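Some notes on the structure that comes next.
The values are calculated or read from the model by the stated rules, or taken from the named source; none is laboratory data. This one's a predicted model, so the numbers in the text were calculated from it and none came from an experiment. Please note: Cβ atoms are built from the backbone with ideal geometry, for glycine as well, and neighbour counts cover all protein chains shown.
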């Protein structure tokens, strides 16, 4: 209790908490985009439930990983060497997660561009994914993003309560943003393609980091923000054009 009171009275601890909360929310964007795209392929009555389960599992995973910080730190230690390059468990998990994102995003883009009417995985079908399959894929990516998130948290502060509060706050923000984001993506088909492009970029970033090439997150999110701004301008332009056509008619 005394330890918590000392933390609460420390300005440095509050600065660390604010910084870590922002960092965790930013890192959660990747996870949230994937969950939104995946759950939109479920029947409408199951979408919200799947999103809440997926985000809830992300919270459970991150809190569980925080309870094993000593083990998490060891994940960055090299365990295998291939062609002179050492790989840790973290590296291999990031590479596997990146490859999965590339496969998933590329498959979704293919189905969106060239859907087969009788193909049960077609993006034009209302039910394109089973509930259990969706939860399984969300859990897989939750694990990848959670490990990256917790290792980032460990690198920013040594105080476990700060890490726990930051993780809980970031997941609560994800929970609040999940339904509006998923609805926005579902209502705007062009945004779906943009979000899939984001997933490809995120997947490549994970693979690059797995091979030891550090990619500053600021560059990635700046590119995403620029693309989203351009798409927003395009949406405003389309709406203005539609209003003009309706007025002329």
Check: When you look at residue 162, is it more than 16 Å from the chain's Cα centre (by Cα), crowded, with 17+ Cβ neighbours inside 10 Å and in contact (Cβ under 8 Å) with a residue 40 or more places away in the chain, yes or no?
Finding: yes
Item checked: Flag for residue 195 being at pLDDT below 85, within 23 Å of residue 97 (Cβ to Cβ), loosely packed, with under 14 Cβ neighbours inside 10 Å and touching a helix residue (DSSP H, G or I) at 6+ places or on another chain (Cβ under 9 Å) -> no
Item checked: Lone qualifier among 180, 189, 216 - being under 28 Å from residue 53 (Cβ atoms), exposed (fewer than 15 other Cβ atoms within 10 Å of the Cβ) and within 18 Å of the chain's Cα centre (by Cα) -> 180
Note to self: residue 197 - would you say it is in contact with a strand residue (DSSP E or B) (Cβ under 8 Å, 6 or more places away or on another chain), farther than 15 Å from residue 26 by Cα and in contact (Cβ under 8 Å) with a residue 24 or more places away in the chain?
What the structure shows: no
Notebook entry, point to check: Quick one: how many residues across segment 109-143 are surrounded by 16 or more Cβ atoms within 10 Å (Cβ to Cβ), modelled with pLDDT under 80 and part of a helix (DSSP H, G or I)?
Noted result: 1
Next item on the list: Give the residues of segment 200-230 that are closer than 19 Å to residue 103 by Cβ and in contact with a strand residue (DSSP E or B) (Cβ under 9 Å, 6 or more places away or on another chain), sorted by residue number.
Entry: 210, 211
Notebook entry, point to check: Residue check: is residue 60 within 21 Å of residue 24 (Cβ to Cβ) and buried (at least 20 other Cβ atoms within 10 Å of the Cβ)?
Noted result: no
